[in-house]
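A short write-up of the structure that comes next.
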Amino acid sequence: MKTNQKAPYQQSVTDTMQQMKSQKTGLTTQEVRERRDQFGLNKLQAKRRTTLLEKFIAQFKDLMIIILIVAAIIAGIAGEHVDAIIILAVVILNAIFGVFQESKAENAIDSLKQMSAAMATVLRNGESTSVKSEDIVPGDIVVLEAGDVVPADLRLIEANSLKIEEAALTGESVPVNKQVETITDSDLPLGDRKNLGFMNSNVTSGRGVGVVIGTGMNTEVGKIAHMLNTTEESTTPLQENLKSLGKMLTVLILVIAVIVFGMGLFRGQETVINMLLTAISLAVAAIPEGLPAIVTVTLALGTQQMAKHRALIRKLPAVETLGSTDIICSDKTGTLTQNKMTVEKVFLNEKLQDSADANLGLNDRIAQLMVLNNDTKFQEDQLAGDPTETALVSFYLTKDQPVQNFVDAHKRLAEIPFDSERKLMSTFNQMENGQIMMTMKGAPDQLMQRVTHIQDGDDVRDITDQDRQLISQTNHDLATQALRVLAFAYRMVDEVPKDLTSAAQERDMTFVGLIGMIDPERPEVAQAVAEAKSAGIKSVMITGDHQDTAQAIAKRLGIIGRGKDQSQDQVINGAQLDEMSDPQFDDQVEDIAVYARVAPEHKVRIVKAWQKKGKVVAMTGDGVNDAPALKTADIGIGMGITGTEVSKEASDMVLADDNFATIVTAVRAGRKVFSNIQKSLQYLLSANLGEVMTLFIMTMMGWEILAPVQILWINLVTDTFPAIALGVEPAEPGIMKRKPRGRSSNFLSGGIMSNILYQGFFEGLITLAVYAFAIMNPVHSSDALIHADALTMAYATLGLIQLFHAFNSKTIHQSIFRVGLFKNKFFNWALLGSTILLIATIAVPGFNEMFHVTNLNVSQWLVVVFGGFMIVVITEVVKYIQRHFFHKQ
């Protein structure tokens with residue numbers, strides 16, 4: 001088929017038919033066969049899926065996991081086979097858990113395929129026939145009826161009152177009135193291409209015929225599928241932080257191990273084997289073996305808590321990522337609003353009222369016009385039809401009015417269908433006493449041209465210029481509030497006219513009133529936006545709807561201010577965005593709060609522009625058009641109820657209740673998870689640094705050092721359970737008043753690194769002091785026993801000091817006496833269990849030889865306990881200084 005530089009909507013029907021080599025009677029069987037061979041099936045292509053085995057192997061490419069595997073090998077070389085097995089078990093379990101969480105992460109294309117219409121009506125060989133949608137080819141003539149799903153991209157060649165709902169593709173909540181006429185404007189967004197039909201959109205009313213101009217991957221939905229295939233998922237801050245931490249620990253381990261090994265050989269006091277074991281001990285001491293498992297457990301517990309609040313996590317890192325979010329880019333329709341047109345204002349008898357205050361029943365003329373001039377179908381528990389018309393019916397159903405009985409009793413005898421040019425619809429309905437009422441609804445400016453009278457209470461009088469001026473002003477006021485305004489009029493006739501044309505019948509009407517409708521905001525969203533703002537998070541609306549509507553909703557929600565000086569609350573549309581170069585947009589992105597009439601590629605561009613600023617971006621959405629941006633964002637948030645399967649599968653988190661307020665709860669949970677991981681990390685690394693310092697100084701001083709089995713046991717009993725318990729600490733007060741951490745932050749920021757250094761230093765110093773005290777104050781005369789006791793006391797002190805330090809780690813800067821020592825029951829049991837396991841190696845007969853320790857008397861135990869408790873005193877003093885001079889809170 002020859003190409004044409006004009007866009008399909010800019011071409012006439014004749015040109016399109018010629019380009020597609022088609023005719024209104026449809027293709028022949030031979031033509032269909034040839035085109036199917038040329039273009040393939042009308043299906044979406046999916047990229048190759050990774051197997052479960054590939055996903056499992058990929059888990060081991062993480063640097064921290066590699067370090068753990070090396071640690072297991074080191075432990076095995078040192079003879080600690082049980083510990084090596086435990087470490088490897090943690091690694092394998094962590095990998096299995098990761099595969100389980102991410103096994104469904106790439107199902108977006110499958111969901112798109114499932115959305116395809118199963119059957120479609122086409123003209124072939126001059127006859128109407130039903131075929132599978134996947135068998136449709138370019139040039140096919142497709143017939144559309146109300147309730148159909150458009151099976152491919154079409155250029156419409158007939159449109160009779162045709163309305164197609166395209167919210168999942170364009171984001172616009174109101175169905176589009178379709179036309180056949182050529183559109184000359186260029187670079188129109190999808191929602192304004194009114195002579196086209198798009199694959200997977202829904203016909204809400206009317207009838208149409210179109211020629212297929214695109215199938216499969218050549219449709220607008222196909223373009224989105226291609227974007228999903230080619231979009232690279234961004235790494236989360238959590239993944240970046242763990243990767244950086246792993247690199248730092250690798251360097252630290254290698255440097256320390258090499259220095260100690262070389263120094264020991266240089267001094268000539270140890271054999272190569274002994275120094276190798278010493279270097280191994282140092283390496284094991286420096287590695288927080290339980291960190292990945294602890295992070296996984298903490299995140300998993302966070303997912304459980306968030307699930308209770310209706311936020312379903314699909315990928316573990318998403319738990320903490322939302323807690324670091326700077327920007328929430330939210331779709332309007334179905335996310336910030338209810339995706340349901342609702343009557344909000346009623347103008348009747350020269351008075352404008354809120355719908356809730358309008359006491360109207362089916363005896364009122366306005367009510368009769370609203371339900372009779374209406375194509376809504378009554379189905380079991382729901383209404384079917386155009387959302388605008390179903391809103392008119394719902395308005396009275398909520399008032400417990402017998403609408404269906406009234407409509408059945410006043411049958412429609414004839415109609416003049418809606419037409420996009422005159423923007424009016426008229427019906428003729430049988431009324432009481434043999435009367436026939438002609439009803440009219442439509443655009444106020446069009447309807448008022450046909451009005452000569454006005455309903456004034458129960459009377460009818462001639463309409464005046466003052467009446468017209470008031471109606472016009474009211475229409476303007478409602479429109480500026482982004483309400484969709486419908487006008488209603490009627491006249492009584494003796495019989496159904498034979499000439500059912502607009503020119504002949506739509507005249508001499510009596511004006512009754514105006515109805516203002518809107519897709520209303522969710523009632524809880526305004527408070528959620530305010531809470532996000534107090535947490536330092538900027539909310540940005542991105543919608544396919546009209547600019548005025550978007551701006552009005554944004555004002556009502558508090559996304560943009562109501563004052564005059566709102567320099568950072570700009571509202572732009574997709575066309576204006578297209579006119580900006582990337583540098584221009586990058587300069588202005590921070591000042592824009594609302595984007596209207598945007599296309600899918602716009603959303604991706606907006607997200608990327610914020611990411612260039614170093615911001616962590618969350619994107620909420622429910623439509624097919626949101627999927628690429630959901631994948632591009634640092635965290636994609638799908639809607640569980642109104643969301644398409646495509647948007648859910650492309651998301652990291654799904655809101656089961658479609659409640660924007662749930663995001664605020666998720667932010668709080670995410671911030672708590674990050675804070676608790678920081679606490680666990682501070683606890684683990686400071687403890688391991690204490691171990692490294694102890695072994696390093698002992699080696700440098702030529703002292704006997706702790707055995708590898710002792711270091712491994714301390715790590716096993718003090719690193720695991722207390723660190724996991726810190727991961728379930730309750731959120732600290734004021735956590736939602738802090739500024740977002742942003743992308744530049746990491747687990748070692750906010751004073752954590754300095755805390756690790758001084759706390760690890762004092763842990764090592766106190767341990768060495770206890771060792772020196774034992775040497776200088778022996779209870780035995782034998783040098784061997786003196787050194788054995790000293791090593792045992794150092795071993796016990798190093799273990800107990802870490803358990804005492806776990807209390808310090810319950811809060812980063814606050815005093816532990818303010819947050820509560822024993823509120824976390826799991827923490828209490830973890831500390832008790834770890835203490836018993838540590839003391840048992842010394843106090844329980846039979847363990848002494850295994851762990852190379854001796855029995856200690858009461859005075860020695862008092863020294864050990866006193867030394868361990870000193871870390872609490874030191875840390876409380878440092879925290880006091882930090883709070884008053886560096887981290888005032």
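Where a number appears in this text, it was derived from the coordinates with a stated rule and is not lab data. Since we're looking at a predicted model, the values are computed, not measured. Note that each Cβ is placed from the backbone with ideal geometry, even for glycine, and that neighbours are counted across all protein chains shown.
Just a few scattered comments:
- Listed pairs LYS423/LYS538; LYS61/LYS825; LYS351/LYS423 exceeding 31 Å between Cα atoms: LYS423/LYS538; LYS61/LYS825
- Shape call, the range 342-518: gyration tensor on alpha carbons, a/c limit 1.5: rounded
- Computed label-point distance, nm, for sites HIS884 and LYS340 using a 7 Å Cα→Cβ extension: 5.8 nm
- Extension gain, SER186-LEU821: 0.36 nm per intervening residue step, less the Cα-Cα distance, totals 221.9 nm.
- For the cross-link pairs LYS132/LYS223; LYS223/LYS377; LYS555/LYS737; LYS163/LYS332; LYS6/LYS613; LYS613/LYS672, the ones whose C-alpha atoms lie over 28 Å apart are LYS223/LYS377; LYS6/LYS613.
- The order of MET509, MET701, going from fewest to most other C-beta atoms within 10 Å of their C-beta, is MET701, MET509.
- Diffusion coefficient, µm² s⁻¹, Stokes-Einstein with Kirkwood Rh over alpha-carbon pairs of the range 776-826 at 37 °C and 0.692 mPa s: 243 µm²/s
- Projected label distance in nm at LEU53 and LYS423, using a 7 Å step from Cα toward the beta-carbon: 6.4 nm
- The spacing between the range 330-383 and the range 158-215, judged by their C-alpha centroids, is 25 Å.
- Per-residue Cβ neighbour counts within 10 Å put SER754, SER539, SER130 in the sequence SER130, SER754, SER539, beginning with the fewest.
- Legend: ranking of residues THR841, THR28 from fewest to most surrounding C-beta atoms inside 10 Å; resulting order THR28, THR841.
- Options THR464, ASN405, SER426, ranked by Cα towards positive dipole end of the range 342-518, top entry (Cβ charges): SER426
- Relative packing of 399-411, 10-22, 798-810, which averages over residues the other C-beta atoms within 10 Å, highest first: 798-810, 10-22, 399-411
- Scoring 252-260, 463-471, 715-723 by mean Cβ neighbours within 10 Å over their residues and listing the highest first yields 715-723, 252-260, 463-471.
- Using Cβ point charges alone (K and R +1, D and E -1), the dipole size of the range 342-518 about the Cα centre works out to roughly 240 debye.
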